[in-house]
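Reviewing the structure listed below.
The values are calculated or read from the model by the stated rules, or taken from the named source; none is laboratory data. These numbers come from a predicted model, not from an experiment.
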Amino acid sequence: MPGRLAWSCVAAGALGTAAITMYALATREQLLSLAVVLTALYPAIPVILAMTFLHERLTRAQKFGLVCAGAAIALISLA
């Protein structure tokens, strides 16, 4: 395995471990309902990353979905 690929794998593993640890802490220390809803918004992350790094264009439906996800986060934070 090339060195750069190996470091990418190590970084992905470390980020995944950190994410699982933070989720476990959030469900234990905070409101479970809030942590679960925010976790359900995970599919928006790859779309945002694709826009940022791959310069992909969004369809109208994808834009609408991101706006709805943002509105959901705002409404949940007010509750």
Across (1) assigned to a helix (DSSP H, G or I); (2) within 14 Å of the chain's Cα centre (by Cα); (3) not aliphatic (A, V, I, L, M), Arg28 clears everything bar (2)
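So that you can scan it fast, the table gives a plain yes or no per residue for (1) over 19 Å from Ala74 (Cα atoms); (2) assigned by TED's automatic domain parsing to the domain that holds Ala69:
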site: Met1; (1), (2): yes, no
site: Arg4; (1), (2): yes, no
site: Trp7; (1), (2): yes, no
site: Val10; (1), (2): yes, no
site: Leu15; (1), (2): yes, no
site: Ile20; (1), (2): yes, no
site: Leu25; (1), (2): yes, no
site: Val36; (1), (2): no, no
site: Pro46; (1), (2): yes, yes
Within segment 31-50, residues being over 12 Å from the mean Cα position of the chain (by Cα) and of a type in the set (S, T, N, Q) number 1
